[in-house]
1. Go through region A:172-257 and name the chymotrypsin sites (Phe, Trp or Tyr not before Pro) that are in a DSSP coil and have 15 or fewer other Cβ atoms within 10 Å of their Cβ.
2. Net charge near A:P223, counting Lys/Arg +1 and Asp/Glu -1 over other residues with Cβ under 15 Å of its Cβ?
3. Could you grab the relative contact order for chain C? Cα pairs under 8 Å, six or more apart, rounded to a whole percent.
4. Calculate how steeply helix B:3-21 sits against the longest principal axis of the alpha-carbon atoms of chain B, using the helix alpha-carbon long axis, and give the answer as 0 to 90 degrees to the nearest 10.
5. Between C:A51 and A:Y60, what is the FRET efficiency for a Förster distance of 45 Å, r being their Cβ-Cβ separation, to the nearest 0.05?
6. Can you work out the PRE-style zone for A:A119? Point 7 Å along Cα to Cβ, and I want the residues of region A:227-263 with backbone N under 14 Å.
7. Evaluate the distance, in nm, between pseudo-label points positioned 7 Å from the Cα of A:W230 and of C:N43 along their respective Cα→Cβ axes.
8. Which of C:C33, A:C139 has the fewest other C-beta atoms within 10 Å, and how do the rest follow up to the most?
Amino acid sequence: MKNILASVIGVMFFVIAACPCNADPSNDALSSSQPPTTFKLVLSAKENPEKTTNPLDEDYHEDENLDEYANNEIKEERVDIADPLESVNRVTHQFNDKLYFWAVKPVAQGYKEVVPESARISVKNFFSNLGFPARFLSCLLQADLSGAATEARRFTINTVWGIGGLLDPSSGKELNLQEQNTDLGQTLGVWGIGQGFYIVWPVFGPSTPRDTVSIAGNYFLDPVAYLNPWSARMGVNVLDKVNAASLRIGDYEALKDAAVDPYVAFRDAYVQYRYKRVKARQAKWSSSPGPAETSVPANPESSKRGQ
Amino acid sequence: MKRHCLIKYLAIIVLTFLFCFTSPPAATAVGLFGAPQTVSRDDGGLNTAIGYRYYEDVYNDAADIRFRQNEVYSQVAYGAKNTWEAYARIGVADLKIEDVFKDNETFFATLGAKGFYTLNDQFGIGAFVQGTYYLSDFNDTVSRNKKIAIDHLWDVNCGIGFQMTLACGTRLYAGPYVYYSEAEMSLSSRKATLGYKAGDFSLENKSLAGGFAGLDIPLTKGFRLNVEGQYADSFSAGAAISYSY
Amino acid sequence: MKKHFIRLFAIFVILIFSVPVYAGAPLDSVKKCVNEVIGIVGNPKLKGEAAKEIKKEKLRVLYKEMFDEIEFSKRTLARNWNKFTPDQRKEFVNLFEQVLEKAYGDKVLSYTNEKVEFYKESKLSEDQFEVQSKIITSSKEVPVFYRVINSNGKWKVYDVVVENVSLVQNYRTQFNDILAKDNPAKLLEILRKKVSTH
């Protein structure tokens, strides 16, 4: 009898003390004195007087105790880029900003009014389909044979059965052949070439020396570049850009409004995005040759690749 | 899982093709008629296809002339509720007449519609109508100033099909059809082998009716293979691969 | 026999309650919050301009519940947080929330039934998880990851990563740039100005 009682009390003790689910969910963290808890016994944590301070009073510490494999994930947040041309870049950024609000956006909005969304998506699919050579070559250069095969299949199916690329049946759930989001700049990154420094090109926007190769290379791999009367080329390119802009109205403004310093915000967003893309492609490079269609979070091996 | 269906019907497909190529020329109509029932999904959907057909034709005004064509086309169709479908095709075809005339790819356009009525789980009956128009003319210079031109080639077909659904979603169909086809032929000079003197002639198809039969087999992931043969004065046959959205 | 059984039962109960049950909790927690947001935004009874304020108020409450404001704000300043006095820190957290509200409030309110799919949760450390989701619009799929930290037993968001771009990192770079040249008071002034001009 006594033993049973002892065990029951023991159980209740543990239930109350150790179960975090029972801890008070404090809504107003600003004024409470609840310290952030971990999964040790709450008793010992509460005994430590320093821990009962207001979180506002706590100083900032780098994240400790991160698991080995997550190290890269957190570390990569501190990606920075050299910006020696900052003063020039800021001016170009202003120019691009004005170009967007005074030229691109009004035209895109007018276009959006007139053309229904499904048609605009078809046009976007059509131009995406034309981007096949650049993506295919990039996959090959990154030794991503499954990606290259996927791109080839996409191109065939979308062109033959997707009315010349206007429809995109490959991306559907049944066929599940996703577009390989890669370009020549990422290829150079996968090979180990660093970002370099930040450049803002007029019209083309944020870039780096490495990614500028992307812009140049894509020009040669773009079927539209081989259209003959230059006015036709111009016209098609304008249609492509206006159509793409019409599907993304609001994105640029959102980031700009949310930013305290728009120039830095865009620079950082660009750098983070490219860094993560290259990391994802490097993970593909070093993972076993299996069809990993969706991007894979950093493998332990990829950290050895560096950059 | 679907592959065994294909193999199962392979024998039939092979035989169909063999029949077609050993027979004298006949019927018109561009492309396959397709199964009476649409391959689009129930709640309304698009389907696209590419197809190839070889056919032979007998036209007639003063004398019989045999046409031979290879066609390749791309089709877009919309259908719903297993009941109806409307389709449009654009393609290229060449033309050979006997040993005398040969011309290369010319564009054509086809429009068609079909309706289907389900009798029970396995059987159904449908009707279709289809018309084709060649967008430009066929020309050939036979020998030193002897020219033959075939202009304004067009046709219209309509027919009825009976359909039976077999294992694995394969559809077997057959039925009769009637058609009318017309072309204008201009000969710059007499062509004895054809049996025509110089001048303009209006050619019409020799036979008015024929029969067709085919198989529509599901492949993987939304793709289907359609194999069909048509017979009026002689056999024509073709195949198409469609994708249902 | 009975004694033995009860002892086993007690051990079993202890084990259940002392081992933290991770499986799915962060993902479920974030999913629940996001669904609540969608519920508020899409509420058919709250349509029109007048209802906008009501919605915003509800969203503010939800924001405090879903996000660990202090962690969020602290991480955007990183080491610079240590340069701020407690009062400045308090004001910063408030201003930062307002900046976010002004920037993203309307965007959230304009949600119209896009599909949100939660598909993965990965462990970053003992207390930190990353919950992966995507928003499926008619023309594209936008990956949105939520990084959550265990705060008093609740999973709270301390960073949002949209299309591979971390919000915390983005603001950190901006604030760093400003604080490299100016003092904390100046940053607070810039934020005050930004919040008032909208």
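1. Numbers: sites: A:W191, A:F197, A:Y198, A:F204, A:Y219, A:F220, A:Y226, A:W230, A:Y252; in loops: A:W191, A:Y198, A:F204.
Taking region A:172-257 and a limit of 15 other Cβ atoms within 10 Å, the loop chymotrypsin sites (Phe, Trp or Tyr not before Pro) found are A:W191, A:F204.
2. Working: positive: A:R135, A:R233; negative: A:E151, A:D222, A:D240.
So the environment of A:P223 carries a net charge of -1.
3. It rounds to 22 percent for chain C.
4. Approximately 20 degrees, to the nearest ten.
5. On the way: r = 39 Å, r/R0 = 0.88.
Once rounded, the FRET efficiency stands at 0.70.
6. Flagged as within label range: A:243.
7. Taking the two extended label points, one gets 6.0 nm.
8. Working: C:C33 20, A:C139 23.
Fewest-to-most ranking of C:C33, A:C139: C:C33, A:C139.
The numbers here are math on the coordinates, done by the rules we state, and not lab data. What you see is a predicted model; the values in this text were computed from it and never measured. So basically every Cβ, Gly included, is an ideal-geometry build from the backbone, and we count neighbours across all protein chains shown.
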